[in-house]
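Colleague: Structure provided below as structure tokens; questions to follow.
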Amino acid sequence: MEIRDNMVKGYAWAITQNSLVLRGLRDGRSFQEIMNSLKFIEWAFRYRLDTIACCDDRVILPAGRKIGLAGQLILIEGEDEYETFIKSYRGEIPYVVSHSHCGAAANKFETLNKHHPYATSDDFGIYFSALLAHYIEADYSHLMIDNGLHTARGICLDGTGWFNSHPSVLPELPPHFLCSAPGFGLSDEYCKQELKLLTDIALSDHGFGEFFTNESPFYIFMIARDPDQVDYLLDIADSAIGEFKQVEVVAFNLEGIHD
């Protein structure tokens, strides 16, 4: 079983290695330069995002425009932050989509006291997401996906709140987690929590794990409005992933798009 799993990972790894972005980084080009060269880069910021869905790399929405929040915000801790998010986006985001085999829901499920009514972490995730949809007056649906390998080669950390990383828009990006939290006003601590959990998943047996090395790192792809926000997001990322080896942070900002 282990040999077969490693063969599957090896094959998937080889496919993702062909990503134009990863090839460019291996050739010593900056992430800014690479993103500036993409044919449809401006289209990635043209339309308002409309669907809260999980950061999970396996959750690719047919219509795109995903707002990536782990477990549809299931990791959020403080009631004040949760209520602020609801007030800010009630009537503004039309769709919420949950999914099966959610690692964030499983992580949160483990912290519940034994008297909860949920049979599985999926049940808990569905309840939480449907309730969020109700509060922000959005349509809710649930997506069934295979509990397969996470092939994410990085995390797109979006501070703009407009970044659509769907493969139909930016096919040059490798598979990735999408963390939209800083672009939607969530706290630094919440953003750090997401980054740490997602990096944990990628570097575990559920992701490529030991395939990541100093020469082929797991990337934090920062997407920022301007150079000042790059510095801000860099502080968040450094605090969240400082304990991890084989992780590299690279940055793109919209002010540099025509440089």
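Please treat every number below as a calculation from the coordinates, not as lab data. Since the model is a prediction, treat every value here as computed from it, not as a measurement. Note that each Cβ is placed from the backbone with ideal geometry, even for glycine, and that neighbours are counted across all protein chains shown.
Colleague: Please return the longest range in the chain lying between exposed loop sites, taking GluC sites (Glu not before Pro), DSSP loop only, at most 15 other beta-carbon atoms within 10 Å, and leaving the sites out.
Modeller: 138-214
Colleague: Using only the C-alpha atoms of the chain, find the volume of their convex hull and express it per residue in Å³.
Modeller: Taking only Cα atoms, the chain has a hull volume of 132 Å³ per residue.
Colleague: I would also like to ask the following. Pick from T120, T160, T51: which is most flexible by mean-square fluctuation in a GNM of the chain where alpha carbon atoms under 10 Å apart are linked?
Modeller: Its mean-square fluctuation being the largest, the pick is T120.
Colleague: Here is a follow-up. Please report, ordered by residue number, every helix of the chain (full DSSP H runs) that is 18 Å or longer along its axis going by C-alpha atoms and whose mean Kyte-Doolittle hydropathy reaches -1.0.
Modeller: Working: long enough: 2-16 (21 Å, -0.23); 121-135 (21 Å, 0.43); 188-202 (21 Å, -0.47); 227-241 (21 Å, 0.21).
Flagged H segments are 2-16, 121-135, 188-202, 227-241.
Colleague: Hey, another quick one. I'd like the chymotrypsin sites (Phe, Trp or Tyr not before Pro) in the range 11-54 restricted to DSSP loop residues with at most 13 other Cβ atoms within 10 Å, sorted by number.
Modeller: Details: sites: Y11, W13, F31, F40, W43, F45, Y47; in loops: F40, Y47.
In loop regions of the range 11-54 (DSSP not H, G, I, E or B), the sparsely surrounded chymotrypsin sites (Phe, Trp or Tyr not before Pro) are F40, Y47.
Colleague: So which of K108/K196; K39/K196; K196/K245 end up more than 21 Å apart by C-alpha?
Modeller: K39/K196
Colleague: When all C-alpha to C-alpha distances in the range 1-99 are sorted into bins of 5 Å, what percent of pairs does each bin hold, rounded to whole numbers?
Modeller: For the range 1-99, the pair-distance distribution reads 2, 10, 13, 14, 16, 16, 13, 9, 6, 1, 0.
Colleague: Return the Cα extents of the range 168-253 along principal axes one, two and three, sorted largest first, each rounded to a whole Å.
Modeller: 33, 31, 20
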